[in-house]
Amino acid sequence: QVQLVESGGGLVQAGGSLRLSCVASGRTFTTNIMGWFRQTPGKEREFVAAVTPSGLSTFYADSVKGRFTISRDNAKNTVYLQMNLLKPEDTAVYYCAAVGRNGDRWIRTSNTWGQGTQVTVSS
């Protein structure tokens, strides 16, 4: 089983930046596409970004393109999400997971979510 621990969330003003980290346990990290999702109360968890095992290919939701950057360090079993030009609508709990495509949707393929990290952007 893979365990995921997210960190780096916090309170920031609009226009500011945060860097989220997710440390994964397990020997399969380096072969997994890793991604970030986010969720606000009353809404479904939504895809934010994904990165291939090599780190060479990345994918983003339209709402974060040009502002967020996903990356990974396979030596540290860690995936990052650099968030710049934050907006109040980015406020959510952010989760990482191993991910894959199901048709045109990104879905979680790891057996569980981490505990998430809260990001709050004030206007």
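The values are calculated or read from the model by the stated rules, or taken from the named source; none is laboratory data. All figures in this text were calculated on a predicted structure; none of them were measured in a lab. Here the Cβ is made from the backbone with ideal geometry for all residues, glycine too, and neighbour counts use every protein chain on show. SASA here: full protein model, heavy atoms, side chains in, ligands and nucleic acids out. Shrake-Rupley method; radii C 1.70, N 1.55, O 1.52, S 1.80 Å.
With contacts taken as Cα pairs under 8 Å at a separation of at least 6 residues, region 36-123 carries a relative contact order of 26 percent. Note that the chain presents 53 Å² accessible area per residue, ligands and nucleic acids not counted, probe 1.4 Å. Take the Cβ atoms of Asn74 and Ser123, set R0 to 30 Å, and the FRET efficiency comes out at 0.20. At the listed q of 0.16, 0.18, 0.19, 0.22 Å⁻¹, the Debye profile of the chain, built from one uniform point per Cα, gives log10 I(q)/I(0) equal to -0.69, -0.88, -0.98, -1.32. Here the accessible area of the chain is 48 percent carbon and sulfur, with a 1.4 angstrom probe and all protein chains present.
Each of Trp113 and Arg67 was given a label point 7 Å from its Cα along the Cα-to-Cβ line. The distance between the two points is 2.1 nm. For region 21-123, a crude dipole built from +1 on the beta carbon of Lys and Arg and -1 on the beta carbon of Asp and Glu, taken about the Cα centre, is about 180 debye to the nearest 20.
Restricting region 1-62 to trypsin sites (Lys or Arg not before Pro) that sit in a DSSP loop and have at most 15 other Cβ atoms within 10 Å of their own Cβ leaves Arg27, Lys43. Along its principal axes, region 65-123 has C-alpha extents of 35, 30, 25 angstrom, given from the largest down.
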